[in-house]
Amino acid sequence: MAALQKEAVEQNEVGGVRFVPDGRLNQDRPMAELPPLAGMTVVEIGGGIPAGFCARQLRGFGARRIRVEVPADGDLLDPDETAFLVTGAERVALADVDLAALVASADVLIEDQAPGWLAANGLDPLELRQRHPQLIITSITPFGQTGPRSHWRTTPAVQFAAGSLMSLTGEPYRSPLVTGGSQAFFLGGLHAFAATTALLLGRGRTSRGEWLDLSMQECAASMPELYGAQSEYSLQAPVTRLGNSVRATWGVYRCADGFGGVCCLERQAPAFLRLFEDGVATDERFVDPLIRAEHNDELLAHVMSFMIERTKDELVALSPVHRVPFGAVRTPRELLADEAYALREFFDDIGTADTGPIRVPGRPFPGLGWVPASSPTPDATRPTIREPEVTGLPLAGLRVLDLTMMWAGPYATKLLAELGAEIVKIESPSAWDNIRTLVPQDPSIPDPWNSAYYFNEYNHSKKSLTLDLAQPAGREVFLRLVADADVVIENYRADVMDNLGLTDEVLRAANNDLVLVSMAGFGKNGPLRNHVGFGPIIEMMSGLMSLTGYGDDDVPVKSGISYGDPVGGLNAVAAVALSLIARDRFGTGRHVDLAQRETASVMAGPAFVAAARGEDPGFRGNRHPGFAPQGSYPAGDPSDDRWVVLSVRTDEQWSALADLVGRRDLASLDLAQRHARQDELDTVISDWTNGQEPEHVADRCQAAGIPASVVVDTHRMHDDTQLHARGFWRVVPNEKMHPYRQSGPTWRRVTGTAHEMVRSPWFGEHNLELLTPLGLGDRELAALAEAGVIADAPINPGVG
């Protein structure tokens, strides 16, 4: 393990590690060209994927990354993960560094060690905060720093089970399925990256650091799409796995040369059905969405016939022509030759002594400068931080004009709101956020758009303004709001803002300091710019879906949620934060053209490393090449669909499990033997778990040092012992909804002011509050209402 080495004439020493003063790039480089984190230092106490991914992303945006490598039982990263996550880091062994002195020089400390590790190594976080009040400490753990399960062990499969997402993934007649590519851990790292950039932005505003207690379980529990709220508010029961076809017009199907998919909202369904022959589009069984649901199997037969007759490329080509969201399941090997990725300069070329030259996903989004792992971090002066003098939430005082809808964008702005930003959600009276009316409600409810649990989950703590931007009067009012805003964020199709006359140039003329974050599915330029895509389409087209499947057939399986949406949303948070850091440090606003497909491909980075070697990672079901046995095992009453996931990482853990299942004769099997006999061992474990309460099984395994968890479902998650103990659930008063538990703030700041949640806004609730300061009086507001520019209810609302 190499110590830090830096060649130069003049050197200085920090924490026992020798550095050279910056000077690797031209000292005359314009400040506006520097990446936003240039001059900052990130110390990563290196463990596994979560800290490694967070630190990789921060380094890419300009920070110096020092990875302190901690001895561990077994390799926490495999060679492909190491190549993707660690290349470019300055690496030092724990034994070779004065950790306290090194941290004293840092802006950010990232760690994914067990709770208490920092304190045991002389770095108690609360004491660190006293000594270094501007330090950001990001602690990533499976279950949080506190609570009865804070000490529990985990693996990607166990983590996926604990956060409820696994309960939704897989076919309803088979076991729950873990997503491939260690997504539970990458998701923890992505949350850490987004939260850390937001806290760095807050530090620049408040002169105050933070200690972030990031629970990967809570991160996942904040993102089961509509299903968690549906279970708690409406069903009072778990949502079951739906497999690859949620409904005929939303699913993944076999096509002529692989697998493709279609994901239609109600407004897109007629265009999709018009592509069929035999009068399907006018068939009375399929015209009305409620009646169509009763005849789903009949329509599904038409859809499957349509798909099997077309190739992946033919399906994708239909999307921009008919405005129907089609996609194809792409593999990392296919994507290495993808034209859109090449034109958008998405890939980085890196290499190590072990791998040789390889091509991997690079920046998650363009527009801010990116430092590939093969390039040195840029020279810049460390930002000057004032003495702490401001209290309050880190992003208090920021105004964000939120044009987003559905899930990806609203998830991003929810997270910003939880850190104190003022979010002004702008909807047209004639084109509102679909999730207000997506789920049918009782016809007796007079204003169902104000009582939708899906909308309430991801739009709390925001303000609602209605404006029809397609009308000149609406655009004029919007540009007056832009003049005093910090951020505009939108997730329209790539052409919509231009068609509305709200180009980047027009917005910049209204406010040159504005940050604009666009998050179209495939970006605003390139050959796929006019394609339509929702989360499952992004998952297909990014390579992620090709990593998940049961492994006993060739069928890829989509995540149980629209996984591309929260991945895009979390990256949008980082894009907002990094753009504002760059604006505040170097001047002028920024436009970030975030393509959600690219952000999802980054999450599959190690699979691209394998693909660059000519390998196709494929999928393995619930098994893992480094752990055996690993699987999802039935427990409890068979009719209740209860499961336990466990992973055996070491021979010692296997010996302990052999004791639990009463098979000491198997205790001496090594990893290779356990892999060879996994079918037999799965039967042994299933015979033991069957009939036992799953919580009891998980408790016994964890007590014996074996990573295990119940597959937490979308209903029982609200009574989960650890989530309950940490106060994750909140009941937020809403006069138009009956009380229910919804997820609280996702990112737990140990120090500082807590966020007080407020219910989601009613349609147009804040029109007067937001428009009156612009000088609009009663007469002007009445004229806007008469013209349908503003309203307090959607125009002609319907389901979908």
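The values are calculated or read from the model by the stated rules, or taken from the named source; none is laboratory data. Note that this is a predicted model, so its numbers are computed, not measured. Heads up, the Cβs are rebuilt from the backbone with ideal geometry, glycines too, and the neighbour counts pull from every protein chain shown. Just so you know, the surface numbers come from the protein's heavy atoms only, side chains and all, with ligands and any DNA or RNA stripped out. Shrake-Rupley method; radii C 1.70, N 1.55, O 1.52, S 1.80 Å.
See the values below:
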read-out	value
Subset of the stretch 755-800 [buried (at least 19 other Cβ atoms within 10 Å of the Cβ) and of a type in the set (Val, Ile, Thr)]	789, 790
Segments classed as helices (runs of 4 or more DSSP H), wholly inside the stretch 460-511, with at least 3 members that are among the basic types (Lys, Arg) and at pLDDT 95 or above	none
Top-ranked residue in the stretch 397-419 [being touching a helix residue (DSSP H, G or I) at 6+ places or on another chain (Cβ under 8 Å) and small (Gly, Ala, Ser); ranked as surrounded by the fewest Cβ atoms within 10 Å (Cβ to Cβ)]	397
Any hit, the stretch 493-508, residues being more than 23 Å from residue 794 (Cα to Cα), of a type outside the set (Asp, Glu) and touching a residue at least 40 places away in the same chain (Cβ under 8 Å)	yes
Residue ID - surrounded by the fewest Cβ atoms within 10 Å (Cβ to Cβ), chosen from residues in the stretch 570-595 that are over 15 Å from residue 542 (Cβ atoms) and among the small types (Gly, Ala, Ser)	587
Which numbered condition residue 572 fails, given (1) part of a helix (DSSP H, G or I); (2) out of contact with any strand residue (DSSP E or B) (no Cβ under 9 Å at 6 or more places or on another chain)	(2)
Every pair of residues 6+ apart whose Cβ atoms lie under 6 Å, when the first sits in the stretch 332-343 and is within 10 Å of residue 543 (Cβ to Cβ) while the second is assigned to a helix (DSSP H, G or I)	332/607; 332/608; 332/611; 333/611; 336/611
Top-ranked residue in the stretch 722-745 [being more than 29 Å from residue 151 (Cα to Cα) and among the charged types (D, E, K, R); ranked as surrounded by the most Cβ atoms within 10 Å (Cβ to Cβ)]	736
Listing of helices (runs of 4 or more DSSP H) fully contained in the stretch 50-127 that carry 2 or more residues being open to solvent by 40 Å² or more (accessible area, probe 1.4 Å) and free of Cβ contacts under 8 Å to residues at least 60 places away in the same chain	117-120
Candidate set: the stretch 46-82, residues that are at pLDDT 95 or above and of a type in the set (Val, Ile, Thr); chosen: the one nearest to residue 140 (Cα to Cα)	49
One residue from 565, 665 being at pLDDT 95 or above, over 28 Å from the mean Cα position of the chain (by Cα) and in a helix (DSSP H, G or I)	665
Subset tally (residues that are under 22 Å from residue 563 (Cβ atoms) and among the polar types (S, T, N, Q)) for the stretch 504-545	2
Filtered residues of the stretch 179-235 (kept if farther than 23 Å from residue 57 by Cα, surrounded by fewer than 24 Cβ atoms within 10 Å (Cβ to Cβ) and touching a Leu at 6+ places or on another chain (Cβ under 9 Å))	226
Test: residue 598 is among the acidic types (Asp, Glu), open to solvent by less than 10 Å² (accessible area, probe 1.4 Å) and out of contact with any strand residue (DSSP E or B) (no Cβ under 7 Å at 6 or more places or on another chain)	yes
Residue that is farthest from the chain's Cα centre (by Cα) [pool: residues in the stretch 265-283 that are not in a helix (DSSP H, G or I) and not acidic (Asp, Glu)]	279
Output for the stretch 352-382, where each listed residue is basic (Lys, Arg), under 24 Å from residue 334 (Cα atoms) and modelled with pLDDT under 95	359
Hits in the stretch 254-268 (condition: open to solvent by 10 Å² or more (accessible area, probe 1.4 Å) and modelled with pLDDT of 95 or more)	254, 256, 257, 258, 259
Flag if residue 582 is assigned to a loop (DSSP other than H, G, I, E, B) and aliphatic (A, V, I, L, M)	no
Scope the stretch 207-264; condition assigned to a loop (DSSP other than H, G, I, E, B), touching a residue at least 60 places away in the same chain (Cβ under 8 Å) and either farther than 30 Å from residue 328 by Cβ or out of contact with any Phe, Trp or Tyr (no Cβ under 8 Å at 6 or more places or on another chain) (or both); matching residues	207, 208, 209, 222, 224, 236, 237, 238, 240, 241, 242, 243
Single match in 434, 491 (criterion: open to solvent by 10 Å² or more (accessible area, probe 1.4 Å), more than 26 Å from residue 781 (Cα to Cα) and not basic (Lys, Arg))	491
